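Report on one structure; see the data block that follows.
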Amino acid sequence: MSTDTATIDERLARASNTSDLTVTPDRQGDGFMLIAAAKTPRVVGRHLIALHGEWDGCAKPRRMMEHDITALRKTLPAGVPPLVLAPKHLDAWAENELKRRQRQAEGIANGWYEQERMTSVARLKSLERVKVGLLDVLGAKVENPGPKVLGVLAWWLDTICPKCGGTGQLAVAGNGRQASRPCPSRHRGGCDATGQRPLPHGHDGRIIERAILECIGRARQHIGAYRRALHENMR
């Protein structure tokens, strides 16, 4: 994202929450941004920019940390070793049982976080307008598009991998030093060390993502062009 387009998004988000809408020839204030946004014909892109501004400013769930998951694991019921298990295999069984409960705790934590994240997304006031607009843009390009559009929008708003926090690495303790290992693959709840959530819904997800980026790109162009024209006309 270029500095110019990032500035447009940031200023439009700020303008939507300001009380100073003064418009003068020598000052391109927030009023300029709202006027330019209102004049742009790319309504879906304008709502997408507003939606991301709402997401940036809303309350979000806190991802469970390792100590939270460890505490959760300790509350899970432990398995009972088979009666036919030889004593020499008890240590290996106990280790595998610990790993099983750890995976179970991670699954519960991830499920809770994703549910809370989607609840936060559903509360955004521009979400329904964006969803309806994207469905119109997509037409018949995607089969059963409703849930897929919602899933890709949630991904677009928050692409950071929840397991590694966007670093691509997981901290591990060893020999008194802080070491790290790559974030695991997608099927293990990670990101393959990319730092980003995988785009959902495969090929259809890529079609929806492309539609989102195209709508935003056109909206930015129109907002920027109209803002410059408005400023010139007021001189």
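The stretch between Arg100 and Thr194 holds 31.3 nm of extra length on full extension. This uses 0.36 nm per residue minus the Cα-Cα distance. Choose one of Leu138, Thr119, Leu83: the residue whose Cα lies farthest towards the positive end of the charge dipole of the stretch 64-176 (beta-carbon charges +1 Lys, Arg; -1 Asp, Glu; about the Cα centre). Going by the charge dipole, the pick is Leu138. For Lys148, a cut-off of 28 angstrom between C-alpha atoms picks up these lysines, skipping any fewer than 8 places away in its own chain: Lys60, Lys125, Lys131, Lys163. Spin-label model, Ile108 to Ser120: label points 7 Å out along the Cα-to-beta-carbon direction sit 2.2 nm apart. Karplus-derived 3J(HN,Hα) values for the stretch 147-153, using 6.51 cos²θ - 1.76 cosθ + 1.60 with θ = phi - 60°, are x, 5, 4, 4, x, 6, 4 Hz; glycine and proline are entered as x. Would you list the P(r) distribution for the stretch 100-183, with all Cα-Cα distances sorted into 5 Å bins from 0 and each bin expressed as a whole %? Whole-percent P(r) values from 0 Å outward: 3, 11, 16, 17, 15, 12, 10, 7, 5, 2, 2, 0.
Of all lysines in the structure, those lying under 27 Å Cα to Cα from Lys88, and not within fewer than 8 positions of it along the same chain, are Lys74, Lys99. Rounded to whole numbers, the Karplus 3J(HN,Hα) couplings from phi for the stretch 203-213 are 4, 4, x, 5, 4, 5, 4, 4, 5, 4, 5 Hz, using 6.51 cos²θ - 1.76 cosθ + 1.60 with θ = phi - 60°, and x at Gly and Pro. The gain in end-to-end length when the Leu85 to Asp68 segment is fully stretched comes to 2.9 nm, 0.36 nm per residue minus the alpha carbon separation. Label sites at Ala171 and Thr159, each approximated as a point 7 angstrom past Cα along Cα to Cβ, lie 2.6 nm apart. Potential lengthening of the chain between Leu76 and Ser180 amounts to 34.7 nm, from the contour at 0.36 nm per residue minus the alpha-carbon distance.
Whole angstrom only: what separates the Cα centroid of the stretch 56-96 from the Cα centroid of the stretch 142-157? So the separation of the two Cα centres works out to 33 Å. Computed over protein heavy atoms with a 1.4 Å probe, the carbon and sulfur contribution to the accessible area of the stretch 100-179 reaches 51%.
Over the stretch 57-148, all Cα pairs binned in 5 Å intervals from 0 give whole-percent P(r) values of 2, 11, 14, 12, 11, 10, 9, 8, 7, 6, 4, 3, 1, 0, listed from short to long.
The values are calculated or read from the model by the stated rules, or taken from the named source; none is laboratory data. A quick note: this is a predicted structure, and the numbers were derived from the prediction, not measured. Glycine also receives a Cβ, built like all others from the backbone with ideal geometry; neighbour counts cover every protein chain displayed. What goes into the accessible areas is simple: the full protein's heavy atoms, side chains included, and nothing from ligands, DNA or RNA. Shrake-Rupley method; radii C 1.70, N 1.55, O 1.52, S 1.80 Å.
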